[in-house]
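Here is the structure we will look at, set down as structure tokens.
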């Protein structure tokens, strides 16, 4: 199974079980959520229990599907059976795959247990008979209602705001971008920072700094922008046990608190316009002072005169802290590489030595996109070692070769008896 498919499958499974991972749920609430998941996702209770058990044992990595032993073998459903299944689905889109299989078995078209539900689902999806394709969604206008989550770190909101232009090296100007994460209950800005490019994973960088300072939120609420729905941001949330929630399309009012903070930032931008910063470091240094004194430690109207910092500190809800190592691992990127005949592989144009034991094999490489020295080598789902970029000197040393023969103690040629 391709690495991209594995990660997307794990993300989908995490999104399914995420509502059950919220701390403090009582028994009745858990049972209600389970019923909703089973009805919505078309999975059996046993599968849901298996996902939860796998997540508790190995977190996000436990949700990755295991490699099948029968890869390369024919597992397709005969066309006439598939046509009948598609006809049943089109006839009644609400008809579940389980019901379709039972109908096929009742009609004598297939034997009991001959068709796996997952296989039928994939085949119907390829034909355009997935749930999304058949579902008719009726969009109605709804008014946005104000909401406040109780308890610090229950929900964080985030957004990106255009910042001022800074002088570029070539004499031109470069745009800056402000990313901020705000706690819904206390209005505390857990971290906010200006960046001068969108090529690097700046959202992940800002989120990691916020988590290290104020702990893990139960959920993070973001819009549908490309940077917020990126695979790596969703994977980081899954690895840390954080729900990733998206706003409805064309409904910025649902993120009112972060939008209100962005409006307040205009006060800062107006002040620095009088003496424009020359570099990104200067801009962020001035912004940190304003954020600490002019916002987090200033009275907030929605907190009845209290400050966000005091409201956060006084909140009795327990904070889920994470270690720097756990946080670092959560934000690592991952790619698959094939090791060449010299035991090396390349990542972003940089060469690394995996070792002769991996010659001709595919390995998973995990790395920090901001610093690829070193990178981690994973094989068969386990971390094997960390390697630094290969340094090629003027002289090369002796390379150990993999053994190709077995040492013998006597001849195996037939000997005639004398």
Specify whether the C-alpha gyration tensor of the stretch 79-134 places it in the rounded, prolate or oblate class, a ≥ b ≥ c being the square roots of the eigenvalues: rounded for a/c under 1.5, otherwise prolate if a/b is larger than b/c and oblate if not.
prolate
Considering just Cα atoms, how many Å³ per residue does the convex hull of the stretch 320-362 enclose?
98 Å³
In what order do 5, 47, 247 fall by count of nearby beta-carbon atoms within 10 Å, going from fewest to most?
5, 47, 247
Which of rounded, prolate or oblate describes the stretch 332-387 when judged by the alpha-carbon gyration tensor and an a/c cut-off of 1.5?
oblate
Rotationally averaged projected area of the stretch 156-314 (alpha carbon convex hull; nm²):
9.8 nm²
Where in the stretch 47-65 does the amide nitrogen come within less than 14 Å of the point 7 Å from the Cα of residue 20, taken along Cα to Cβ?
47-57, 63
Would you mind giving the three semi-axes, in whole Å and largest first, of the ellipsoid equivalent to the stretch 1-52 according to its Cα gyration tensor?
23, 12, 8
Distance between the C-alpha centers of the stretch 173-210 and the stretch 254-332? Whole Å please.
10 Å
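Any read-out appearing in this document is the output of simple, stated calculations on the displayed coordinates, not a laboratory observation. Quantities reported herein were computed from a predicted structural model and do not represent experimental measurements. A quick note on method: Cβ atoms are made from the backbone with ideal geometry, for glycine too, and the neighbour counts reach across all protein chains shown.
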